[in-house]
1. Using the alpha-carbon atoms, what tilt in degrees (0 to 90, nearest 10) does helix 247-262 show relative to the longest principal axis of the chain?
2. Contour minus end-to-end for Asp96 and Leu314, with contour as 0.36 nm per residue of separation and end-to-end as the Cα-Cα distance?
3. Rounded to the nearest 10 degrees, what's the angle between the helix 272-288 long axis and the longest principal axis of the chain, both from Cα atoms, 0 to 90?
4. For the stretch 290-375, what is the largest minus smallest coordinate of the Cα atoms on each principal axis, given in angstrom and ordered from greatest to least?
5. So how do Glu104, Glu178 line up by other beta-carbon neighbours within 10 Å, fewest first?
6. Suppose each label sits 7 Å from its Cα in the direction of the beta carbon; what would the Glu297-Lys339 distance come out to in nanometres?
7. What percent do you get for the relative contact order of the stretch 17-241 when only Cα pairs under 8 Å and 6+ apart count?
8. Taking a spot 7 Å from the Cα of Thr243 along the direction of its beta carbon, which residues of the stretch 49-78 have an amide N less than 13 Å from it?
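Readers should treat all values here as calculations from the given coordinates under stated rules, not as data from a laboratory. This one's a predicted model, so the numbers in the text were calculated from it and none came from an experiment. FYI the Cβ positions are ideal-geometry reconstructions off the backbone, even for glycines, and counts take in every protein chain you see.
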Amino acid sequence: MPTGGEAVSPLSGAAPVARRVPLRGRTAAPPGSLPVRPIFPFTAIVGQEEMKLSLILNVIDPKIGGVMIMGDRGTGKSTAVRALVDLLPEITVVSDDPFNSDPEDPESMSDFVREKFKNNEPLFTNKKKIAMVDLPLGATEDRVCGTIDLERALTEGVKAFEPGLLAQANRGILYVDEVNLLDDHLVDVLLDAAASGWNTVEREGISISHPARFILIGSGNPEEGELRPQLLDRFGLHAQIGTVQDPELRVKIVEQRASFDESPLFFRKKYQTQQEKLMNLLIAARQRLNTVQISSELRIGISQVCAQLNIDGLRGDIVTNRAAKALACFEGRQQVTVKDILRVMPLCLCHRLRKDPLETIDSGEKVRETFQKVFAI
């Protein structure tokens with residue numbers, strides 16, 4: 001698969017206005033507009049359907065909990081994630097808040113914004129694209145969590161805080177390439193933030209907390225080490241991808257990459273219509289998500305499958321329900337079907353199965369076999 005460039009810069013929002021209600025207009029920049037460095041178009045990626053579906057479902061419903069993409073090197077993992085930036089919709093944020101607080105959700109506001117909200121002060125808002133933040137493997141804990149200026153705190157009595165990557169990623173996407181090589185102490189930080197939705201920084205008796213609700217996307221090569229089970233379970237979906245073996249598809253991938261390298265802007269322009277179509281589908285799906293229904297019979301069936309597979313906890317049940325609803329919504333249906341559940345269930349449960357070194361059956365196939373027994377298909 002191709003390997004892509006850097007993330008596109010967030011769009012500048014409309015002029016701030018004093019209002020509590022978020023602006024309803026959605027004015028995303030056309031995917032063919034000039035980025036800092038051209039990004040390979042998402043719709044031009046050949047194959048790897050599981051990976052692309054996992055990313056799309058998380059954009060539609062961020063509460064799915066992210067995706068872990070594991071596969072051979074050179075299979076387009078980073079390319080697909082970075083290509084997702086073009087498709088991210090806009091959100092309404094408080095203009096002068098570094099944590100991207102939602103002006104209509106007091107529970108997830110930063111302390112600064114919540115204080116204004118309680119005092120009935122006007123909140124200036126603007127629109128911005130959902131941010132995708134890269135977490136480099138060599139990042140320090142201060143860079144990830146943020147730092148407190150102790151000198152100002154002691155001399156001026158103010159909590160001077162320099163936001164970190166978790167602050168930038170709030171209400172957005174946090175991407176960790178080669179996540180299985182991440183230092184253990186940073187893994188613990190991510191686990192704490194992902195579990196609570198908040199990041200707390202404490203230095204010399206001074207404590208500052210801020211919201212840190214993000215979609216965690218990780219990628220890695222299994223040959224370079226396994227992921228800690230505690231972190232793996234935090235990912236809503238798990239996409240296992242491999243090298244394309246079909247000679248015709250391999251040739252097409254090579255040609256696509258060569259065309260993009262020769263003239264990135266012209267190549268992006270060719271896919272502008274497809275990019276805009278997919279972007280509009282994602283925006284519409286996010287708006288309709290709460291209207292999609294799933295019957296009690298299907299919910300019971302999902303839980304029966306999880307029980308028969310001895311899935312620990314209830315996260316597998318919850319994620320499968322959410323992913324099935326997101327898929328039905330993306331494809332324009334108001335009711336979840338059995339086929340929707342079958343398509344998403346391996347992505348939701350494979351990484352949650354108890355590992356048996358003597359078992360030869362593929363984990364995805366095991367999930368599908370159990371599904372067929374429970375749903376009698």
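1. Taking Cα atoms only, the helix is inclined about 30 degrees.
2. Values: separation 218, 0.36 × 218 = 78.48 nm, distance 3.84 nm.
Gain on extension, Asp96 to Leu314, equals 74.6 nm.
3. Value to nearest ten degrees: 80.
4. Its Cα atoms span 44, 21, 20 Å along the three principal axes.
5. So the residues, fewest neighbours to most, are Glu104, Glu178.
6. Output for this residue pair reads 1.7 nm.
7. Numbers: 399 pairs, mean separation 63.0, N = 225.
Reported as a whole number, the value is 28 percent.
8. Taking a point 7 Å out along Cα→Cβ of Thr243, the residues of the stretch 49-78 whose backbone N falls under 13 Å are 72-76.
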